[in-house]
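Quick notes on the structure that follows.
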């Protein structure tokens, strides 16, 4: 299956404008932008019956580190113009800032993109009401890390995977995303010991699906715990999204799951300084081999990296109908 990006283009826009009747020109600029990337992109099927996502997805884990709304919007628009149609976010990314930005960006193109969000990692009420507090918390954390050294342990954020929290989180995410549904709702970095009453949670997820508020449920996190949960509770794992591990040089290596397709997460800047010196072509080639038949979810705040990655991925062979239901994947 191939994902085709088509648009009327600037020539069509001019012909419409010169016509005898006045026409709605609100989407002409958008259509002209799409025409610049009018090509067939590699794609993959998410779950057994879709939706279809682009081979390259955009993660928003570090989106809030672009400190102006215009810079954040420019990055998302660039990814879309380059052919990206899968956007992954979470309430904990910038204390809701990433979801709000996705909501603004998706206006007018919601049916053309796949939006995935998560639940389970909680933030304090003040941080959620005052998102700027996330920047203060990040600055304080960086200061503590500098004082204690880079090896100091990171304090884990509170987790809650209960049925009540799932519904509450979905409702809040839909408001921030300015939509009435999300394509995929992931449990965010779940583990067996943190998961509560699974039957109640499964019933709530099914109810949310029947209400049209989510289309698929999945697991997002490290491969080992997500794989274990998927085997025990397949109802929670229509989609798997797990982190691509790094080798000793900090470069991607194959995801340790018995599957051929899925979503593999990788974040730039790279996790080790040695990997920063590699060309994007080398890193993307390693990711291509690590996730040979699924989606690569690239989380970056660097516009040049988005352009480079999109150009490289567009030259890969398309993926035909691969299922993400038991795939490799990633999750920030």
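Observations on the model:
- The listed peptides 205-213, 168-176, ordered by packing as a protection proxy, come out as 168-176, 205-213 (highest mean of other Cβ atoms within 10 Å first).
- Note on 62, 92, 68: ascending count of other Cβ atoms within 10 Å places them as 68, 62, 92, the fewest first.
- Ordering 82, 253, 226 from the fewest to the most neighbouring beta carbons within 10 Å gives 253, 82, 226.
All of the numbers you see were taken from the coordinates with simple rules; none came from a lab. Everything numeric in this text was worked out from a predicted model, so none of it was measured. Cβ atoms come from the backbone with ideal geometry, glycine included; neighbour counts cover every protein chain shown.
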